[in-house]
Structure formats: structure tokens, C-alpha cells
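Novice: For reference, the structure I am asking about is given below.
The values are calculated or read from the model by the stated rules, or taken from the named source; none is laboratory data. Being a predicted model, the structure only gives us computed values, none of them experimental. Every residue, glycine among them, receives a Cβ derived from its backbone with ideal geometry; neighbour counts consider all protein chains shown. SASA here: full protein model, heavy atoms, side chains in, ligands and nucleic acids out. Shrake-Rupley method; radii C 1.70, N 1.55, O 1.52, S 1.80 Å.
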Amino acid sequence: MFDFLWRKKTASFTGGIILDGHKHVSKIITPPIAKELVYPLFLASNRYAKSCVKIGDYVKKGQVIATPDSPLSTPIHAASSGTITAIEKRLIAHPSGLAENCIILQTDGLETVLEAEPCLDYQQQNREFLREKIHLAGIVGLGGAAFPTAKKLNNSQPIHTLIINAAECEPYISCDESLAIRSAKNIIQGTLIIQHILQTARCIIAIEDSKPEAYAALLSAIKTTDIQIQKVPSIYPAGGEKQLIQAITGQKIPAQKLIFESGFICQNIATSFAIYQAIILGMPLTERVITVTGAGIKQAQNLQAKIGTPIKDLVQACQGYTNHAEQLIMGGPMMGIALASDDIAIIKTSNCLLIEPLKQADTQPCIRCGDCAEVCPSELLPQQLYWYSRSQEWDNCTDYQLADCIECGCCDVVCPSKIPLVQAFRIAKAEITQKHRQTEQAALAKERFENQQHRKLRIAQEKAQQLAKRKAAIEKMKAAAAQRKLN
Amino acid sequence: MQFPTSCSPFTPSNNSVQRIMFHVIAALLPAIAVQFWFFGFSILMQICLAIGTALLTEALCLTARKRDIVSALSDGSALLTALLIAIAIPSIAPWWVVITGTLFAILIAKHIYGGLGYNPFNPAMAAYVFLLISFPLQMTQWQSPFAFLDFSNAFQLIFSEQIAFDGTTSATVLDLTKTQLHLGQNLANIQQQALFGFIADKNRELINLAYLLGGLFLLHKKIIHWAIPTAVILGLLIPASIAYSIDNSLYSSPTFHLMAGATLCCAFFIATDPVTASSSKKGRLIYGLLIGSLIYCIRTWGGYPDAAAFAVLLANLSAPSIDYYLKGK
Ligand code: SF4
Ligand code: SF4
């Protein structure tokens, strides 16, 4: 059970709640190589990669097996050596239980590695070259957004502050913390590369004050650099980009504005490490640290997992399930997604697997206590929004700034009536997007129809004109003939 | 292995309506203890009658509305309403007064409007006003301070409606002040009378302090928000201080207003009922100020000696408009 004290003591950012950490920081264990690795070609909302291998191909560790399909896609690399055995539909890590085409790699356990191309003199290289290298290494934001990092580092506006996000504010997750303890030096090297690419003057590492060991490790690693490190209070969601910026600089970014418009950029600490690997070691992104935890797992620990490993293999590496294993969550307890099966493979953004007993929620009517509004980091009125979402008053939802909801779940957690607020907001958001699309399509169709009508009308008019002309000509001819007859 | 899927967050909340209600009930215990000390078993009988009626009525209403009885009954809201009614009415009121009142609160003021969360008026206060209008005599006969009633005396008074024993009934200081001021008495003289303690009624002073204690506990536990009680007290103290500084032979002191009647009970336990209060921050301040100043106005110029219930109902009525006009925050 959780106990929380949901009103916080320090004014670091608006709203938020104090949650019990439940973090068991362990050494990072390397599990045995899974027999089968699974790579979905679906990357994120309507972004895909396309396979560049055939069934029967032998691939080495680090070899590209799928290439980008669109500007916002990234390549996929094999995490181990072996044979491609199938390209088929499998369940993927997606909230709506999608099945998508996946490349299936049967590992041979040899870990034959493709030759790496390290680049040690990155300071001499231009930004374009480094960005391309990051892109080719398949790096995306490892904090959860899955946005291609090379695109994010291609700033059109000057960035004055780079923030390395090590807050890791969700309960249970400790993969970034253990990574920082193990690889602080390399993280800082990666951070310096980002700073070099962005040419930012200021770089701050933000870390929650509940992680003294990771803080100490990073502090000693930044000694010879001008990177700063700053503690943020352990208040959820301190790791949200806008919340983090407000917590460390005091600057509040308005709701409608993007953070880079104010000159900020946030990168996850694990992304920093991946960039170090991509540039200095020349290694693509094929592995990550993942936390496997919860009351449903025998041995909670952090694993150095190959991306594409099915969840059941990682569970095996943690001694299997306990009999409290009733739900499987990828990500943290606040914003993660529930998965239907442990056959699903982990993806680049999977930072945590949480296996927990099911929670019983008995929903009661809203008693208008206002607690939800008090904790909302986006300063919304969840209670009103819920009302409008339920009664499908989309215009009112938009009026009350539903779009600014970051789906952090704070409102849900404090609600004494246990109303599933976030769920309602997600549905409402999807409906509104759908409606937008429909109106756009309708407008397009209308335009097309009008154009068509226009064209028809024009053709008809032209025809009529021609007809009239011809008639006039005939009349003329007739008149001329009559004249001739007369003469 | 297969798993069921649901939507985030997966963190079970340990906040619940039940937790809120039972904290409020616990916070009422000091005041109940003090009342027992002053009044004896009569107050306990009122409480038992009210609770019995409330639970029964609630169960019947829920059955009629085809709702889950156990989960709704265990939320503690009916229990709290019953307690508030029992401690608000005179402790020697006949049994049918408290039963009618509780019935009215649960059936009419709560379930007719759709049950917990949908009631526009605080059920306990609606019931109080209903009783005051219907049974003015029984609702204004207060037990005198220090007339401790043992079980059998209390039983006789409440159930067989015997004429009150000598010395068991008296007016409240609010009553007394009002009538005597009407008769042209000077406030300083009025306050010499035996009914008065240090500031207000001998017993009310202490009971109100017990409410204050409970209220502070609720504030400490973050069950209630500071804005409403503060605003209620300010709304009462500001006009009281102004009037008092103009003419202290005609207008009672602000501390008197604070310690007399149901002021502090109202500020911490009644006005803070979230369902019927304003929900925005500014709205809560306005709502509280409204209640405080209404209490003062009705006490000073209105027809009833105490006014908390009327003030709360009027403010309940305006809460939706307050929220509506403050919508833009
Ligand atoms: S989920 Fe949305 S509405 Fe709820 S607290 Fe977070 S931002 Fe606010
Ligand atoms: S927290 Fe829940 S009960 Fe309280 S106002 Fe919000 S939705 Fe209503």
C-alpha cells in the first residue's frame, strides 16, 4: 500500500504530490540473452520503420535491421547476433493492445559484434556530423517520449539552458539512478557532446534530493567541467519538463508555450549515456537499464536489458513472479501503461516493469472537495473537466484547457471519491482529436465539392455560351441566306 | 502469462470519502465529551436517536434507489449528518424532534436531490432550520449549564416529555441579550447575569473551545481547508468589531460573538462541508465571509437569536453562482 502526504512543503513548482518512493536501487545485473528478440516496426504514433532484412538473414550485434520510413523515424539495430526467423504480427507495448509487424531475431548466443566506428575527437566535428551519427545510432528520448533525439537537437532557436533530467520522480523506478551511480563519468561525457552540439552556455543536471549516492557520483564527475548540478525536491511530477524548469530556475513556462521557445531543452540522463555510447564508442542504441519491480516479482532489481527482450525473459531473470502478480505495467505506477501479456518485448523507452496486485477502486460521486485542483501541476480544474468530459461537452473541455493536461495522474490519486479522472481525460482528448480530424476532412471534402460545383457551373456556362454563339452564327447564316434569296 | 489491462495511474489512493468523514467525526468527539460533562445523558440519547434514524433512513433510501447499501453506508456521511443534528438541537428536545429532523435531512435534503455529492444544502443545517420553523418551542428550550441529567431523568425528559424539572431549562445568552436589549437594558448590566461565564454562556464557551480544538485537528490533518473557517471567523469579527467600537453598550464584543452560539462549530464543521461550499480558492474566501457576516447580521438585526443555520443555507444557495463568476480564476 501507498502512503502519501499529498500536500507538499516547499513551493518549487505548482501542484504536485509527495509519493512514497518504493525505490530499491540495486547494482545493474546483466540477464542471460533471450532466445528470441522482438522488434516492432511501429515506433510511436504513426511513425514506422521498414524492415531491411529478409527471413533467414544472419545479423550481427549492432547491425541495422530496419530503416526510417519518415523524417521522424529512427533506425532499429539488432541487440545480439543471430538469424531472422520471421516478420510477423505480434502484440506490442501499446496502451490499446495493438498487434503490429515485428522482426523476430533468433539469437545464437555468440554476440558477434559489427565493427564499431568510434569518434573520439567530437569537438573537432561539426554539429551536422554528430547529429547524423546520433540519428544513425537510433537514439530517441529515453525518458518516455520516444522523440528522435537528433531532431530534438536540431534547434531552430538559440537554446540558453540545457537541462539533464535525472529527477526520475515516479515511484518504483530507479534505472536512471543506478545508471548514474555506475556510469556518471560517461553520462557527463555524453552531456558535454550535447552541449557542444547545442552550443548552450549553461547546463544543469537536475536530480531529486532523495538520491544522495547518484548525486555524489555525478558531482564528482562534473568537477573538471562547467556543468552544474542541482537538487529538486522529491515531489511528483518534478520530472515533467515544465515542472523541472520551474523547480530549478523559478521560471514558469506558460501553458501554451513549448519549452524550447523559452530557450530551454531537456534531455534524459539515459539519453546522455546513449549519446556517449554512440559517439565515443560508436555503438548504436541496443540496450538500456530497466527496473523490474513490484510486489509481484520475486527479486526486484535493475537490469542491463537488450531492447527487444520479451518481458517474460526479464521476469525469469528476476526469479519469476510471486502470487501477487496480477497486473503488468510498463513504466511507472503514475503514467505507465498496463500490458496484456508478458510475451510483449521491451522497447527503447521502457524504463520500468512494475508487477503489482490489482487495486480495487470503488468510485463514489464527486464531493467537490477541490483536492484535484490543488494538486494539478497544470493548474486545471479536473473536477470541472471531468464533468464536461463525461457529458461530452467538448467545447467546454477545450475552454477549460484540457489540452494542457499532462496526464500525470495527481488528481486521480488524491481524489477521495476515487473517480478515474485521467481515463476520462484521455478519452475526451482522443474524441476531440478525432473531431478535429473529422472537421478538417469535412472542410476538405466541402472545398472539393464546391470546386467541383464551380467547375461544373463553369463548364455549363461555357457550353451555354458556345451554344448561344453557335445559335447566333446560325441565325446570322440564316439571315444571310434569306438576304441572298431576296437578292 | 496474461494480465488484465486498465488505465493509469495504478497507484491506489488511500484518501477516501470515508477517511474524510471519520476524521470529521473524530474531531467532534471533544465537543461531545464536553457536552456530556455539562448536560449528562440527554446528549447521548439525542446522538443515539439521530444515528439510528439516519442509518435506517439512509439504508431505505439506498434500497429504493437501488444503490449499493454497504459501500454508501460505510462512507460515514449519514453518520456525520446525524451527529451534527444531535449536537445542534437542544439536548432536552423530545425524541420526535430529533427523529423528524434526521429523517428530513437524509430523505429530503440528501436523497431527493440525488444523494451525497448532489445535495445543494447542508443536510444537517436544512434539518435544523426545518425544525426551528416547525417546532419553535421545543427548539428554543435549552438545558441549563451544569444541570447534569442522569440516565433516568434524561430518559423521562426526552421520551415522556415531562415538564422540565426546575432549573433544567434556560435561555442562551444570545437569546437573553437579544430580548433584554429590546427591553432597553444596557449590555454591561445584561452580562452581569448568572448565565454568563467569562465571555458568553458558561457552557458554550467551553463547548466552542472544544470545537476549535477539533477544527485545528482537521486543519492539521488537511481534511479541511483553512480558507473557509478563517473567512467565516473574519466575516463575523470584522462587523462585530466595528459595531462594538462604535457603541459597546449596544453591541456585543467580537469575542462574545465568537464564543456564543454555534459560531465555531459552524466555521469548522458545517461551512467546510465541501459538497455545499464553493470549490475554488477565492470562492471559498467569499463563501466564508458571506457566512460570517450573515451570522452577524441575523444575530444583530434578524428575528432569530442564533443564525448559523440560516447563514449556511443562504451561502449554500449562492455557492454555485460564486463559482460560476470566478470561473476564470
Ligand atoms: S492528470 Fe491532468 S488534470 Fe490531472 S493533475 Fe495531471 S495535469 Fe492536472
Ligand atoms: S478530488 Fe475527486 S471528489 Fe474532490 S473535487 Fe476532485 S473529482 Fe471531486
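Novice: Between rounded, prolate and oblate, where does the protein assembly as shown land on the alpha carbon gyration tensor, with a ≥ b ≥ c its root eigenvalues, rounded for a/c under 1.5, else prolate if a/b exceeds b/c?
Specialist: In terms of gyration-tensor shape, prolate.
Novice: Can you report the principal axis dimensions of the stretch A:65-110 using only the alpha carbons, biggest first, rounded to whole angstrom?
Specialist: Principal-axis extents of the stretch A:65-110 (Cα, largest first): 35, 25, 15 Å.
Novice: What is the antiparallel percent of DSSP beta bridges lying wholly in the protein assembly as shown, to the nearest 5?
Specialist: That works out to approximately 65 percent antiparallel.
Novice: On to the next question. Chains A and B: buried accessible surface, both sides, probe 1.4 Å, rounded to 100 Å²? Write down the numbers at each step before the final one.
Specialist: Values: alone 24870 and 15910 Å², together 36950 Å².
Summing both chains' loss of accessible area gives about 3800 Å².
Novice: Within the stretch B:1-77, which trypsin sites (Lys or Arg not before Pro) sit in a loop by DSSP and count at most 10 neighbouring Cβ atoms inside 10 Å? Could you put the intermediate results ahead of the total?
Specialist: Values: sites: B:R19, B:R65, B:K66, B:R67; in loops: B:R65, B:K66, B:R67.
Those that pass, being in a loop and sparsely packed, are B:K66.
Novice: Carbon and sulfur atoms: what percent of the 1.4 Å accessible area of chain B do they account for? Each step should come with its number before you reach the end.
Specialist: On the way: 9510 of 13930 Å².
Answer for chain B is 68 percent, counting heavy atoms of protein chains only.
Novice: Please find, in a Gaussian network model of chain B (springs between Cα atoms separated by less than 10 Å), the residue of B:L103, B:L137, B:L250 whose mean-square fluctuation is greatest.
Specialist: B:L137
Novice: Let me ask something else about it. Looking at the calculated P(r) for the stretch B:75-184, what percent of the C-alpha pair distances fall above 16 Å?
Specialist: Working: 3754 of 5995 pairs.
Value for the stretch B:75-184 (Cα pairs over 16 Å): 63 percent.
Novice: Still on this structure, I have one more. Of the listed pairs A:K89/A:K306; A:K152/A:K348; A:K27/A:K348; A:K211/A:K231; A:K152/A:K306, which have alpha-carbon separations greater than 18 Å here? All intermediate terms of the calculation are to be shown ahead of the outcome.
Specialist: Details: A:K89/A:K306 20 Å; A:K152/A:K348 16 Å; A:K27/A:K348 21 Å; A:K211/A:K231 9 Å; A:K152/A:K306 24 Å.
Pairs exceeding 18 Å: A:K89/A:K306; A:K27/A:K348; A:K152/A:K306.
Novice: With each pseudo-label sitting 7 Å past Cα toward Cβ, what's the B:F148-A:E440 distance in nm, one decimal?
Specialist: 7.9
Novice: Which residues among the stretch B:108-123 fall inside the zone where the amide N is under 20 Å from a point 7 Å beyond the Cα of B:L314, along Cα→Cβ?
Specialist: Zone members listed by number: B:120-123.
Novice: Then there is this: Filter the GluC sites (Glu not before Pro) in the stretch A:104-175 down to the DSSP loop ones having no more than 12 other Cβ atoms within 10 Å, then list what survives. All intermediate terms of the calculation are to be shown ahead of the outcome.
Specialist: Details: sites: A:E111, A:E115, A:E128, A:E132, A:E168; in loops: A:E111, A:E115, A:E168.
Those that pass, being in a loop and sparsely packed, are A:E115.
Novice: Grab the stretch B:172-326 and count how many Lys pairs have their alpha-carbon atoms under 25 Å apart, sequence gap of 8 or more, or different chains.
Specialist: Numbers: B:K178/B:K202; B:K221/B:K281; B:K221/B:K282; B:K222/B:K281; B:K222/B:K282.
So the count of such lysine pairs works out to 5.
Novice: Under 1.5 on a/c is rounded, so check that first for chain B, then, if it is not, pick prolate when a/b is larger than b/c and oblate when it is not; a ≥ b ≥ c are the square roots of the alpha carbon gyration tensor eigenvalues. Don't jump to the answer; show the numbers that get you there.
Specialist: On the way: a/c = 2.02, a/b = 1.34, b/c = 1.52.
Oblate.
Novice: Further question: For A:K23, enumerate residues with amide H under 5 Å from its amide H, sequence gap 5+ or separate chain, H modeled in the peptide plane.
Specialist: Residues meeting the amide H criterion: A:Y172.
Novice: With a 1.4 Å probe on protein heavy atoms only, tell me which residues of the stretch B:100-122 lose at least 10 Å² of accessible surface in the complex relative to the chain by itself.
Specialist: B:L116, B:G117, B:Y118
Novice: Here is a further query. Among DSSP beta bridges whose residues both lie in chain A, state the antiparallel percentage, nearest 5.
Specialist: Numbers: 41 of 63 bridges.
Around 65 percent antiparallel, to the nearest 5.
Novice: Using only the alpha-carbon atoms of the stretch A:363-487 as identical scatterers, what base-10 log of I(q)/I(0) does the Debye formula give at q = 0.11 Å⁻¹?
Specialist: -0.57
Novice: Tell me whether the stretch B:172-326 comes out rounded, prolate or oblate; compute the Cα gyration tensor, take square roots of the eigenvalues as a ≥ b ≥ c, and use a/c under 1.5 as the rounded threshold. Mind showing how you got there, number by number?
Specialist: Numbers: a/c = 2.39, a/b = 1.64, b/c = 1.46.
Since a/c reaches 1.5 and a/b is larger than b/c, the shape of the stretch B:172-326 is classed as prolate.
Novice: Ignoring ligands, DNA and RNA, what percent of the 1.4 Å accessible area of chain A is carbon and sulfur? Write out the running numbers ahead of the final one.
Specialist: Working: 12330 of 23020 Å².
Reported share for carbon and sulfur atoms: 54 percent.
Novice: What lysines sit close enough to A:K478 to cross-link, taking a C-alpha to C-alpha distance under 29 Å and skipping anything fewer than 8 places away on the same chain?
Specialist: By straight Cα distance, A:K478 reaches A:K463, A:K469.
Novice: Separate question: Treating cross-link reach as a plain straight distance, find the lysines whose alpha-carbon is under 17 Å from the alpha-carbon of A:K252, omitting any fewer than eight places away in the same chain.
Specialist: Answer for A:K252, where 17 Å is the Cα cut-off: A:K242, listed by chain and number.
Novice: Bin by bin, in steps of 10 Å, what percent of the Cα pairs in chain A do you find, going until the bin that has the longest distance?
Specialist: 4, 17, 26, 24, 13, 5, 3, 3, 2, 2, 1, 0
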